[in-house]
Amino acid sequence: MAPMASYRRDLAVRASVDQGLLSPTEPVVALLDTTGIRASAAALTSAFAAVTDATVLHAFAVKAAPLVPVLRLLHDAGLGVEVASPGELALARAAGIPPTHTVLDSPAKTPADLRQALALGIAVNADNLQELGRLDALMASAPTASRLGLRVNPQVGAGSIGALSTATATSKFGVALRDDGARDTVVRAFLDRPWLTRLHTHTGSQGVPLALMAEGVAETYALAEEINRKAGRQQIDTIDIGGGLPVNFDSDEETPTYAEYARLLADTAPGLLDGRYRLVTEFGRSLLAKHGTVLARVEYTKTSGGRPIAVTHAGVQLATRTVYAPDSWPLRILAYDAEGRPRAGETTVQDVAGPACFAGDLLATGRALPLLRPGDVVAVPDTGAYYFAHHYAYNTLPRPAVHGFTLGEDGAVAFSTVRRAQTLDELVQEAGGAEADALLR
C-alpha cells in the first residue's frame, strides 16, 4: 500500500510542475490523493464489518478537513459526518450529507444550534447535564426525529500530547464518570429521559495509545449495560465510540490500522460488538492525513552559523502545529528538483524554513536532505488533515489552492480543484476593505 502511495505522490509532484499548478507565481499548493482517501474509507468500513454485524455509522470528523468536496467524496465512499459547529454543519449540508448520516458534537452548543439540529433530525450528543436541561425544554415543545445521547468522560488518562487527550481527570469534554456521585447522576439522567438512547465517548487523538482508547470505550460500554439493566429494557441502543486512531508521521507506512483497533475492541469489550448496539465512529485524521501533501518552491538558500537554510513558501500558515510544537508534530520533508523529480545523492544537514516573519517559522530543523537549491520543490507529506485545510493567516499569507489527483492507467495524473487559491482582493475584503473609513467616522 505505502509504496504505491509514494509512487502516486512522485508522479503528482512532477505533474504539478509540468501542468503549472506549482510555479514561480503559485509557489505553494496542496494535493490530495483521491485513490488513497477511498482506500482508507474502505479499510475503516471493512475493519468493523469483520468484527461485528451491527449497524455502524462511520462519521468523518469534519474538523480534520473542512472541505466540501472531501466530505462529498467520503459520503460517496459510504461515510457520514460528525460536526462540531454551525459552520461544519453548513459544509456537510452543502456536500449533500443527509441528516441521518450526521452527528452533532460540541461542548458549547447554543439553543439555536440545538433547535436547528432537532428540526433537521440530526443526531445530537449532549456534552453536559445543563445541556440536557435545554434538550428537555426543546423536546417538550416540538417532536423530533433526532437520536439523542450524552457524552461521558471515562477519565482513563492521557496520551503523550496533553492538548489532544480528552479523557483526563479534568477534561473539558463530557460528564466525568469518576467524580463523586457523577455516575449515579448519569444513570438517573437516562432513567428520567426515555428519549435519551445514546452514549458517546472519545478518549483522545494523536499520541493516545490504542489500549487507552479501547479502555475508554469499554468503560462506556459497561455504563450502557448498567443503565439498560436498571431501566429494565435496552434504553441505550447506540454507542458512539469517537475516533482518535493515531497516525504514523515517520514513514509512508499506514500504522496502526483500523483492523488492529477493531480487533482490540473485540478483545476488550466483546459485548459491544455482539449486535445489540448500533455503533458510531468519528475518525478524522487517520482517514486523510496520509493522503495529503503540501508542495512549496524553494525561493532562496543561505547559510547562517554554518547551517544551510532553505527558505520556502510553506510554513506556519499551513503547518501551524508543527511550527509551534515541533516535538509533538514533526513532519517529513522530501526533496525534489525544479522539474519535480526526486533529488538523490549525498545529504546535508539543513533547516527548511517558511515565509513568515518570525524566527520559529521552520518546517524542519537540522534535517539531513540532499542540498536544496533555489527553484527546487519541497514536499511535506502526511498533511491531508489539520494542515492546509486550517489556514493560519500570519503575515496575511493567502490560502493555497488544493487539488485532488487521480492516476490513469497510462500513469497520467489528472487534477481537479478542491479549493482555488485565495486572491489578494479576497484578503482585502476579509480585512475590512469595504469599511476602510469605519474608524474615521
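We did not get these values from a lab; they are worked out from the coordinates using the rules stated. This one's a predicted model, so the numbers in the text were calculated from it and none came from an experiment. Note: ideal-geometry Cβ built from the backbone for every residue, glycine included; neighbour counts use all protein chains shown.
Numbers below:
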| read-out | value |
| --- | --- |
| Alpha-carbon centroid distance for the pair the range 367-441 / the range 223-278, whole angstrom | 37 Å |
| Amide H within-cut-off set for A59, under 5 Å, with H built and near neighbours excluded | G80, T281, E282, F283 |
| Whole-Hz couplings from phi, Karplus 6.51/-1.76/1.60, listed for the range 58-67; x for Gly and Pro | 8, 9, 5, 6, 4, 4, 6, 7, x, 10 |
| For A123, distant residues with modelled amide H under 5 Å away | T102, L104, R147 |
| Protection proxy ranking, peptides 395-403, 13-21, average beta carbon neighbours within 10 Å, highest first | 395-403, 13-21 |
| Contour excess over end-to-end distance, with Cα ends at A412 and L191 and 0.36 nm allotted per residue | 73.6 nm |
| Proxy reagent accessibility, fewest Cβ within 10 Å first, across M139, M4 | M4, M139 |
| Least to most buried among F388, F358 (fewest other Cβ within 10 Å first) | F358, F388 |
| Candidates A412, A49, A142, ranked by Gaussian network fluctuation over the chain, Cα under 10 Å, top entry | A142 |
| Cα-only radius of gyration and Dmax that characterise the range 174-244, units Å | 12.6, 39 |
| Share of pairwise Cα separations in the range 34-288, more than 24 Å, in percent | 44 percent |
| Where trypsin sites (Lys or Arg not before Pro) fall in DSSP loop in the range 210-267, at most 11 other Cβ within 10 Å | R233 |
| Rg/Rg_ref, the chain, where Rg_ref = 2.2 N^0.38 Å and atoms are Cα | 1.05 |
| Crossing angle, helix 2-18 versus the chain [Cα axis fit, 0-90 degrees, rounded to tens] | 50 degrees |
| Pairs of lysine residues in the chain - Cα separation under 27 Å, sequence separation of 8 or more or cross-chain | 4 |
| Within the chain, percent of DSSP bridges classed antiparallel, to nearest 5 | 50 percent |
| W195, W329 arranged by Cβ crowding within 10 Å, fewest neighbours leading | W195, W329 |
| Around D18: net Lys/Arg minus Asp/Glu count, Cβ-Cβ under 14 Å | -2 |
